[in-house]
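Beneath this line is the structure, given in structure tokens, with notes to follow.
The values are calculated or read from the model by the stated rules, or taken from the named source; none is laboratory data. Given the structure is predicted, the values throughout are model-derived calculations rather than measurements. Cβ coordinates were reconstructed from backbone atoms using ideal geometry, including for glycine residues, and neighbour counts include every protein chain displayed. Only protein heavy atoms, including side chains, enter the accessible area calculation; ligands, DNA and RNA are left aside. Shrake-Rupley method; radii C 1.70, N 1.55, O 1.52, S 1.80 Å.
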Amino acid sequence: MGDIQWARDLAREVLGEVLPRRWSHCCGVGIKAEAVAHVVGDQAELLVAAAWLHDIGYAPALVRTGMHQLDGARYLRDVVGASPGLCRLIAHHTCAVIEARNRGLDEELIAEFPAVDGLLADAITYADITTSPDGEPVEARDRLSEIVARYGDGHLVTLTMQEATPVIFASVRAVEAALAHA
């Protein structure tokens, strides 16, 4: 529980005042991750800590590349000294490798933070994509539509989410199946 409290406090400190809506989203993602964490077994605490911190790279003081997953993971590794597993999960959350490729940052991302796969990766994607920007539960399809509407046609994030949609839906199905059998 110590890592979770630490993660929640750090996310609040970094995002709470400067990006209150992003902080609300992280709160919802953290709560959703807590609700499904049992499906990842001994990685439950890692999942929940990562959920609270997953969007920390949006904080204006941390932006270096414009890719929040990479910026957040680098901050946590280089400044905070967070565990490699936590940094990897944040660096790769919600199909980050697709966005990294679209930004020309995929080689950097993969070299610095080896990919995370399996149910742990699915679970953070699930928690993120089933939580609205305001921290409320939402269907994955509605969340993806909201992202496209917010960024607009042709934006790199829109194109990334459109490409990632099948992978995201597969992650949602995997977590829902794990929950049904838990």
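Brief remarks follow.
- Apportionment of accessible area to carbon and sulfur, the chain, percent (1.4 Å): 54 percent
- If you take all other residues with their beta carbon under 9 Å from the beta carbon of Tyr126, and give Lys and Arg +1 and Asp and Glu -1, the sum is -2.
- Span-rule helices in the chain, defined as complete DSSP H runs reaching 30 Å or more along the axis (Cα) with Kyte mean at least 1.0: 156-180
- Estimated inter-spin distance, Asp153 and Arg101, nm [label 7 Å along Cα→Cβ]: 2.5 nm
- The range 1-125: C-alpha gyration tensor shape, a/c 1.5 cut-off, then a/b vs b/c: oblate
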